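Here's the structure we're looking at; comments come further down.
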Amino acid sequence: MQTLDQIVEDLFNKFTIQKINPCPPTPIKPLRAQSAFRRKPQNPQQILQQATQIVERKQVLLNTIQSMKIQRSFTVCKTEESNKPVKFERYQILSKLAVGAFATVFKAYDRMTDSQVAIKKYNSNLLLSEQKKLLIKESEILRKLDHENVVKFLGTYKNTIVLEFIDGHTLTNYLKNQPNRRLQEKEAKQIYNQIREGVKYLHQKNIYHRDLKADNIMIINQQVKLIDFGLASEKQLCSDYCGTPAYMAPEIFQKKPYDGKKADIWALGVLLYQILCGKVPFPGKNDEEIMLAQIPKFMLPKSISKEFQYQLLHLLDKDHTKRKL
């Protein structure tokens, strides 16, 4: 195994010979004695210039090899959606955090800031124009937000979104580790109030999440962070059919224009019920079953305190005009 110095020396010798002798050397004929005296001595400036060029070439080779060494240490991650490797010179991909319908989120190391970050890359099954449209929309929304209960936007990098890395658990996984998958009311109040504060902040900024659910809420040391703004909108009057069915308001299923703010409030009610009861209030295997579950009069478990019963009745009112935080 050759050392780096040996490799450089070999390349240097090869490079220098090729530059000085680009063609095979011609046989040297014996010179007559008097011919030697007729040759003019080489200009010292030319000798110095050639030597300088050789030194510069050697430095270029050294820099190239050093760059190759650094590039070999870059992490290359192959996604499930494509066989093409995803390279990030600034970021070292450490692991895959989540795969969604539109994007994949990676945990990464930022070489520039010496910190861990989350990188969101839109899936390759989307058209390039769609990827760029979604990225621009989400990044424009995120850069306007600055709240302790909302994931922090760090920037964009090569058609990806860079976010703070939250070393915690989703609310879904957090509840799975609790008895009966629910929280006692004291802790439930602490968690829910943070979710509500995050949503209230979004609405003050005229931003509507439209995909509030347990998977899109992170918990780290009892602090809540709202994540995934891929479906967020700055228009309060919405018309596109989107969201996660178990958390979608009745008016969305009707496929008519709806109020994004009121849809978020309904989703908050579903989350609060899930935190207190360990399940969603309107279960179903598909959209139709969930719609049917929403039709009967909503009955609250008697185990829930009056304080939370009051909140749930206002959050989960089928008349969206009466819904309030």
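Would you please list the contacts, defined by Cβ atoms under 8 Å and residues six or more apart or on different chains, that run from a residue in the range 252-272 that is not assigned by TED's automatic domain parsing to the domain that holds L212 to a residue that is at pLDDT 95 or above?
Sorted first by the residue in the range 252-272, then by its partner, the list stays empty.
Of these, I195, I227, which one is in contact with a helix residue (DSSP H, G or I) (Cβ under 9 Å, 6 or more places away or on another chain), touching a residue at least 60 places away in the same chain (Cβ under 8 Å), β-branched (V, I, T) and within 18 Å of S139 (Cα to Cα)?
Details: I195 fails: within 18 Å of S139 (Cα to Cα).
Matching residue, one of I195, I227: I227.
Among residues belonging to the range 192-217 that are among the β-branched types (V, I, T) and part of a helix (DSSP H, G or I), point out the one that is surrounded by the fewest Cβ atoms within 10 Å (Cβ to Cβ). Spell out how you get there, then give the answer.
Start the filter on the range 192-217 by keeping residues that are among the β-branched types (V, I, T), which leaves 195, 199, 207, 217.
After this cut, where a residue has to be part of a helix (DSSP H, G or I) as well, the list is 195, 199.
Values: I195: 22, V199: 24.
The extreme case among them is I195.
Can you tell me which condition N180 does not meet? The list is (1) in a helix (DSSP H, G or I); (2) surrounded by 13 or more Cβ atoms within 10 Å (Cβ to Cβ); (3) assigned by TED's automatic domain parsing to the domain that holds T244, and all the others hold.
If we test N180 against (1) in a helix (DSSP H, G or I); (2) surrounded by 13 or more Cβ atoms within 10 Å (Cβ to Cβ); (3) assigned by TED's automatic domain parsing to the domain that holds T244, just (2) comes out false.
May I ask you to verify whether K137 is crowded, with 17+ Cβ neighbours inside 10 Å and part of a helix (DSSP H, G or I)?
Details: crowded, with 17+ Cβ neighbours inside 10 Å: no; part of a helix (DSSP H, G or I): yes.
When the stated conditions are applied, K137 does not pass them.
So, in the range 301-310, how many residues would count as being polar (S, T, N, Q), without any contact (Cβ under 8 Å) to a residue 40 or more places away in the chain and either surrounded by 12 or more Cβ atoms within 10 Å (Cβ to Cβ) or part of a helix (DSSP H, G or I) (or both)? Quick ask: steps written out before the conclusion?
Just the residues of the range 301-310 that are polar (S, T, N, Q), to begin with: 303, 305, 309.
Narrowing further to those that are without any contact (Cβ under 8 Å) to a residue 40 or more places away in the chain: 303, 309.
Keeping just the survivors that are either surrounded by 12 or more Cβ atoms within 10 Å (Cβ to Cβ) or part of a helix (DSSP H, G or I) (or both) gives 309.
Going through the range 301-310 one residue at a time, the tally reaches 1.
The values are calculated or read from the model by the stated rules, or taken from the named source; none is laboratory data. This one's a predicted model, so the numbers in the text were calculated from it and none came from an experiment. Cβ atoms come from the backbone with ideal geometry, glycine included; neighbour counts cover every protein chain shown.
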